[in-house]
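Everything below concerns the one structure shown next.
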Amino acid sequence: MVAGLSSTAAYATETAPLSAAAPQLGIQFNADGDAGQCGGRTGEQWAPSPDWTQAIRFDTDSRPGGCQLAFGVYDPDRTLAGSTISYSLRPSPGGEAGQCGSYQDTYSMPILPIPVFGQAVRVDTDGQPGWCNLTFTVTGNIVLDVQFYPDGDAGQCPDALPAGQFRSAFVGTPVTVKIDADGRSGGCQFLLRLRHF
């Protein structure tokens, strides 16, 4: 078992690519209640570096359930050996912690020569106070680019940039997105891109 992997998440997926030279960034995104809260590219996806993933969409509100979210890097040639990416989902100061699931810790994004995902975190924001901070921290010879933008009421995606713009996580500079989706119109679009040098 790799540190940071859950027993249910640490498995090779049948739909992931089995051979490639470029590292590939994976996102697993699934609803555990009303599926309308978790839009865009659901299920799992793998994007070769330096391509963007397809967008996933947070639109959680008072409907039952939330969105399960996990990440991994498939690195068949061990190009990224020595590099790390970690992620955490935590409530904003004074926010209702229940909106951000029960796994409020920091987890390793596995970087392995087999395609696996790390521990799933859970977004279930609604009309309660506060939001969830999703933070990425990077070490080594990689950069993680993050697009996060609203497609409706911008208050649901605090500090978001316009579509097409992004923030970059690299050594010493983490990136945090603030997810505050609720009953207001629209939701928050989220994409990632992995680059290495």
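The values are calculated or read from the model by the stated rules, or taken from the named source; none is laboratory data. Quantities reported herein were computed from a predicted structural model and do not represent experimental measurements. Neighbour counts run over all protein chains shown; Cβ positions are idealised from the backbone, glycine included. Note: areas computed on protein heavy atoms with side chains; ligands, DNA, RNA excluded. Shrake-Rupley method; radii C 1.70, N 1.55, O 1.52, S 1.80 Å.
Data for the structure
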{"item": "For a label point 7 Å along the Cα-to-beta-carbon line of residue 195, residues of the range 123-155 with backbone N under 19 Å", "result": "136-149"}
{"item": "Placed amide H near residue 103: partners under 5 Å, 5+ positions off or other chain", "result": "122"}
{"item": "Cα centre as origin, Lys/Arg/Asp/Glu Cβ charges: the chain dipole, Debye", "result": "460"}
{"item": "Extension gain from residue 185 to residue 171, taking 0.36 nm per residue of separation minus the Cα-Cα distance", "result": "1.4 nm"}
{"item": "Euclidean distance of C-alpha centroids, the range 85-111 and the range 140-197, integer Å", "result": "15"}
{"item": "Percent carbon-and-sulfur accessible area, the chain, ignoring ligands, DNA and RNA, probe 1.4 Å", "result": "52"}
{"item": "For the range 113-197: relative contact order, % (alpha-carbon pairs under 8 angstrom, 6 or more apart)", "result": "38"}
{"item": "Local net charge near residue 171, Cβ-Cβ under 15 Å (Lys/Arg +1, Asp/Glu -1)", "result": "+1"}
{"item": "Förster-model FRET efficiency, 25 Å R0, residue 35 and residue 97, C-beta, rounded to 0.05", "result": "0.55"}
{"item": "Net +/- balance of residues flanking residue 95 in space, Cβ distance below 13 Å, scoring K and R +1, D and E -1", "result": "-3"}
{"item": "Label-reachable residues, the range 121-137, where backbone N falls under 16 Å from a point 7 Å from residue 105's Cα toward its Cβ", "result": "121-122"}
{"item": "Solvent accessible area, Å² - residue 125, 1.4 Å probe, full protein context", "result": "0"}
{"item": "Estimated vicinal HN-Hα couplings, Hz - the range 37-47 in sequence order (Karplus 6.51, -1.76, 1.60; Gly, Pro = x)", "result": "7, 10, x, x, 7, 8, x, 10, 8, 9, 10"}
